[in-house]
Amino acid sequence: MAQRGIREYDGKRIIYQNWKDYFGDAFEYDFKSVLVTPETDFDKLPEEHPWLKTTPLVAKPDMLFGKRGKLGLVLFKVNKPGDVTYEDAVKWIKQKMQEEVEINGVKGHLTHFLIEPFVPHKPEEEYYVAFSMGDDYDTVYMSAFGGIDVEENWDKVSEVKIPPTASDEEIEKLIKQNVPKEIKDKEKYADFVIRAYKMFRDLHFVYFEINPLVLVGNKAYLLDFVGKVDDTAGFVAGKKWGDFEFPSGFGRDLTPEEKYIKELDEKSGSSLKLTILNPEGRIWTLVAGGGASVVYADTVADMGYVNELANYGEYSGNPTRTETREYVKTVLDLMTRNKHPSGKPKILLIGGAIANFTDVAKTFDGIIDAFKEYAEKMRQVGVRIYVRRGGPNYELGLKRIKQAAEELGLPIEVYGPELHMTDIVRKALEEEKAA
């Protein structure tokens, strides 16, 4: 499982799309939220969302970092709270897009913003609710002291451990028994938390935070939301999530190579992902499958080579020979630009779990095509190749890649599913230590 942060906009949209299934008529949620990007046409936006011109507004960045209020990055007033017009919001967003800002020691530019209606309320009406998934249990967090100072009031947060085997009745009992005494309408708050927790589990969130939550009558206002999902659960919850992309964190602009793979991915029915961690690193990976990519990266880190891990990514979902070739060429181009300062050879790990439907021979043909184009550079830099793969046509694929690499003068070791998935990493790095 990989925990991936999602934008506040997407989190609220997912909640709204599934609201009736979990909250019915017990609570109302009027989802009004607009995501602004550098490509947004501010003149056309009010045509699509007329409320932008008739409602006091709030504007804030939506780029996976918190404490926006304390950082002065929430526009909710010009002279007094609730007097922000659409023109005010547009002017402020354009200004912030041009400025370089520093968040937690990282400098960068703000590119994505939310515009939402301003909700007048009193500080004492700001509640807090959050859920997190753990290895042994989930944790429910509840507090009557939500808002920007929730961390300063963490001693007033009630934490409830929910075992994975707990029944619905047991979950309701645990939550109701632990609603903080400061909350005025405990029954209504508990009802909201119970329903939200069921949504959290069913939609495969791993973290889910509403801060602050304002409840007025049967209306729920989710003023801020933070969410992370299990990205390997897309095949289960994808229809309920709808379409969205996992954004990069603040200050992490995509490299040209990452942008190219992202564009390939958007045009493909397969999954092609690439993140450059350290272009000067010695250990490069070509991993089939999102889960396998996590396992390989963790194994490299466990063996003490995390600083040498150059990239992270995956090719999966039965990509075509052409798609695989372009993906591999992108990685090899980065890998072969310079020799490692130590003079040691670079390591290329080609692996994955045992594929269900991906044609291993076909994807390996794409890898071989890329090898042929970059063989000379690979020899100059010094690349050692370690392969472990299983799945449809894997024996043919292994035979072809071994034969091709040997003909091209590229050192290679090839294994099938008889070798454990992580053992290929250990084998490569243990041989590196002995060298």
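Relative contact order of the chain, taken over Cα pairs closer than 8 Å and 6 or more residues apart, is 13 percent. Between the helical axis of 360-381 and the longest alpha-carbon principal axis of the chain there is an angle of about 70 degrees. Estimate the FRET efficiency between D298 and F246 by the formula 1/(1 + (r/R0)^6), using the beta-carbon distance for r and 22 Å for R0, to the nearest 0.05. For R0 = 22 Å, the calculated efficiency reads 0.75.
Working note: Karplus 6.51/-1.76/1.60 with θ = phi - 60° gives the range 389-405 the couplings 7, x, x, x, 6, 5, 5, 5, x, 5, 4, 5, 6, 5, 5, 5, 5 Hz, where Gly and Pro are set to x. Think of each Lys and Arg Cβ as +1 and each Asp and Glu Cβ as -1; about the Cα centre, that makes the dipole of the chain roughly 760 debye.
Averaging over all projection directions, find the projected area of the Cα convex hull of the chain and quote it in nm² with one decimal place. Walk me through the numbers before you get to the answer.
Details: hull surface 94.7 nm².
Dividing the Cα hull surface by four gives the mean projection, 23.7 nm².
Report, to the nearest 10°, how far helix 423-434 tilts away from the longest principal axis of the Cα atoms in the chain, using its own Cα long axis and a range of 0 to 90°. Its long axis makes an angle of about 60 degrees. Dipole size of the range 281-390 about its Cα centre, with +1 on Lys/Arg Cβ and -1 on Asp/Glu Cβ: approximately 460 debye, rounded to the nearest 20. Only bridges whose two residues both fall in the chain count here: according to DSSP, what percent of them are antiparallel, nearest 5? Taking every DSSP beta bridge within the chain, about 75 percent pair in antiparallel fashion. Listed by chain and number, the lysines whose alpha-carbon sits under 16 Å from that of K339, ignoring those within fewer than 8 places in the same chain, are K377. About its Cα centre, the range 1-102 has a charge dipole of approximately 400 debye under the convention of +1 per Lys or Arg Cβ and -1 per Asp or Glu Cβ, with nothing else charged. Taken one residue at a time, the phi angles of the range 209-214 give Karplus couplings (6.51, -1.76, 1.60, θ = phi - 60°) of 9, 10, 7, x, 9, 10 Hz. Gly and Pro are set to x. Around V383, which amide H atoms from residues at least 5 apart in sequence, or from another chain, sit under 5 Å from its own amide H, with H modelled in the peptide plane? Here the answer is K346, since their amide H atoms fall under 5 Å of that of V383. For a quick check, take a GNM of the chain with Cα springs below 10 Å and name the residue from P417, P50, P279 with the largest mean-square fluctuation. Judging by the Gaussian network model, the answer is P50. Subtracting the Cα-Cα distance of N278 and E151 from 0.36 nm times their residue separation leaves 42.3 nm of extension gain. Rolling a 1.4 Å probe over the protein heavy atoms gives the chain an accessible area of 48 Å² per residue. Spin-label model, W51/S167: points 7 Å from Cα along the beta carbon direction are separated by 4.1 nm.
Summed over qualifying helices (DSSP H, 4 residues or more, each -39500 (n - 2.57)) and divided by its residue number, the chain shows a 222 nm mean residue ellipticity of -11000 deg cm²/dmol. In order along the range 29-43, the Karplus-derived 3J(HN,Hα) couplings, from 6.51 cos²θ - 1.76 cosθ + 1.60 at θ = phi - 60°, round to 9, 9, 6, 10, 7, 10, 8, 10, 10, x, 8, 5, 8, 5, 6 Hz, and Gly and Pro are given as x.
Within the accessible area of the range 28-83, the carbon and sulfur atoms contribute 51%, probe 1.4 Å, all protein chains present.
Given a 1.4 Å probe and every protein chain left where it sits, what share in percent of the accessible area of the range 117-213 is carbon and sulfur? C and S atoms contribute 48 percent here.
Exceeding 24 Å between C-alpha atoms, which entries from my cross-link table qualify? They are K67/K156; K32/K267; K20/K262; K44/K94; K346/K402. All intermediate terms of the calculation are to be shown ahead of the outcome.
Working: K67/K156 19 Å; K32/K267 30 Å; K20/K262 34 Å; K44/K94 16 Å; K346/K402 18 Å.
Check vs 24 Å cut-off fails for K32/K267; K20/K262.
Estimated from the Cβ-Cβ distance and a Förster radius of 30 angstrom, the FRET efficiency linking Q380 and E266 is about 0.35.
The values are calculated or read from the model by the stated rules, or taken from the named source; none is laboratory data. Treat the numbers as computed from the prediction; the structure is a model and nothing was measured. Cβ: placed from backbone, ideal geometry, glycine included. Neighbour counts: every protein chain shown. Quick note on the areas: whole protein, heavy atoms, side chains included, nothing else; ligands and nucleic acids left out. Shrake-Rupley method; radii C 1.70, N 1.55, O 1.52, S 1.80 Å.
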